[in-house]
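Taken together, the values in this text are just the output of simple stated rules run on the coordinates, not laboratory data. This structure is a prediction, so every number in the text was calculated from the model and none was measured. Here the Cβ positions follow ideal geometry from the backbone for every residue, glycine too, while neighbour counts run over all protein chains shown.
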Amino acid sequence: QLGFNIRGGKDSQLGIFISKVIPDSDAHRAGLQEGDQVLSVNEVDFQDIEHSKAVEILKTAREITMRVRYFPYNYQRQKERTVH
């Protein structure tokens, strides 16, 4: 259990975003928030990665070092594309 969910990926052309952070999880305590764009995980570039590959990397890593940026504009576009 990572304590967060992601959405997006290469098909969306908008990147990988945090879509949910579970309260009181390690992710929550680390400061992750909905709308954060995941730039890299363990030095693997997440800006042009397929969703399934991103999930695989996150689930198989023993420790995770992430670079994120809060980018709500593209996150909202990502959500809109998912709904339509």
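Structural remarks
- Ranking 1, 78, 66 by Cα position along the charge dipole of the chain, where only Lys, Arg, Asp and Glu carry charges on their C-beta atoms, puts 78 farthest toward the positive end.
- Listed values (1) 1.15; (2) 1.00; (3) 1.06, entry calculated as Cα Rg over 2.2 N^0.38 Å: (2)
- Listed values for segment 31-47 are Karplus-derived 3J(HN,Hα) couplings in whole Hz (6.51 cos²θ - 1.76 cosθ + 1.60, θ = phi - 60°), namely x, 5, 9, 4, x, 5, 8, 7, 8, 7, 10, 6, 6, 9, 5, 9, 7, and x replaces Gly and Pro.
- Trypsin sites (Lys or Arg not before Pro) restricted to segment 1-71 and DSSP loop, no more than 11 other C-beta within 10 Å: 62
- Assigned charges on the beta-carbon of Lys, Arg, Asp, Glu; segment 4-81 dipole about Cα centre (debye): 180
- Residues with amide H under 5 Å from that of residue 68, placed H, sequence gap 5 or more: 39
- Residues residue 24 and residue 47, FRET efficiency given R0 of 22 Å [Cβ-Cβ distance, rounded to 0.05]: 0.15
- The longest part of the chain holding none of the exposed loop GluC sites (Glu not before Pro), meaning those outside H, G, I, E and B in DSSP with at most 13 other Cβ atoms within 10 Å, is 1-42.
- Estimated [θ] at 222 nm from DSSP helical runs (n ≥ 4, -39500 (n - 2.57)) normalised by residues in the chain, nearest 500: -8500 deg cm²/dmol
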